[in-house]
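Q: Please read through the structure below; I'll follow up with questions.
The values are calculated or read from the model by the stated rules, or taken from the named source; none is laboratory data. Just so it is clear, the model here is predicted, and its values are computed rather than measured. Every residue, glycine as well, gets a Cβ built from its backbone with ideal geometry; the counts of neighbours run over all protein chains shown. Heavy atoms of the whole protein, side chains included, go into the accessibility calculation; ligands, DNA and RNA do not. Shrake-Rupley method; radii C 1.70, N 1.55, O 1.52, S 1.80 Å.
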Amino acid sequence: MEDPSGGVVLPGRPERAVRHEWNVRRGGPAEYRYCHGDWVKSVVNCVIDDLPFAEGALRMCYRMQLVSKEGTRHNVVAKVSKDPQEDRYTYFRDVQAQMCAKCWASEYNSRDVPKKIDFVPAYVYELVDRPGRPLVGVEEFVEGVFQKYNNNVE
């Protein structure tokens, strides 16, 4: 079955999740300019695939769809730690660092550089209907072939 955007609709019933979004607070000393902010929460519905489609050294990646009130779906990627004892705060630190880096990239790009860089927006989702309310890191799904240029373990 396909959704209106032409993608595959993941099977399963949508579940509730609390989306935690890091909103960067601009200003302050230059070295900390983008590292301060506030967590903003909202409730969303989502469906997560049962099987991972990829994995890295530290996380498994699952297809995930955000389901609107109208039933349309938006593809994202859910990243789950391979370590079942992972500190929950790690997800928040990772997202905060990525959003901080996104702001620094924007400032870099404003300097008329030959090649612009960007970071994909990231969020923490808390799966509130599941036992223990597990967390997942979520990023926008990027179409095409993925080439990783860094390594989390070396």
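Q: Test V76 against the stated conditions and say whether it is within 20 Å of V9 (Cα to Cα), among the hydrophobic types (A, V, I, L, M, F, W, C) and not in a strand (DSSP E or B).
A: The answer is no for V76.
For every residue, the table says whether it meets (1) part of a strand (DSSP E or B); (2) open to solvent by 70 Å² or more (accessible area, probe 1.4 Å); (3) of a type in the set (S, T, Y); (4) at pLDDT 95 or above.
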{"residue": "R26", "(1), (2), (3), (4)": "no, yes, no, no"}
{"residue": "S42", "(1), (2), (3), (4)": "yes, no, yes, yes"}
{"residue": "C46", "(1), (2), (3), (4)": "yes, no, no, yes"}
{"residue": "A57", "(1), (2), (3), (4)": "no, no, no, no"}
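Q: What is the residue count in segment 46-69 for residues that are among the polar types (S, T, N, Q) and over 15 Å from the mean Cα position of the chain (by Cα)?
A: Counting residues in segment 46-69 that are among the polar types (S, T, N, Q) and over 15 Å from the mean Cα position of the chain (by Cα) gives 1.
Q: Please pick out the residue among D112, D87, D129 that is surrounded by fewer than 16 Cβ atoms within 10 Å (Cβ to Cβ) and either on the phi > 0 side of the Ramachandran plot or in contact with a Phe, Trp or Tyr (Cβ under 6 Å, 6 or more places away or on another chain) (or both).
A: Going through D112, D87, D129 in turn, just one is surrounded by fewer than 16 Cβ atoms within 10 Å (Cβ to Cβ) and either on the phi > 0 side of the Ramachandran plot or in contact with a Phe, Trp or Tyr (Cβ under 6 Å, 6 or more places away or on another chain) (or both): D112.
Q: Among (1) farther than 27 Å from R25 by Cα; (2) part of a strand (DSSP E or B), there is one condition G71 misses while meeting the rest; what is its number?
A: Unmet for G71, out of (1) farther than 27 Å from R25 by Cα; (2) part of a strand (DSSP E or B): (2).
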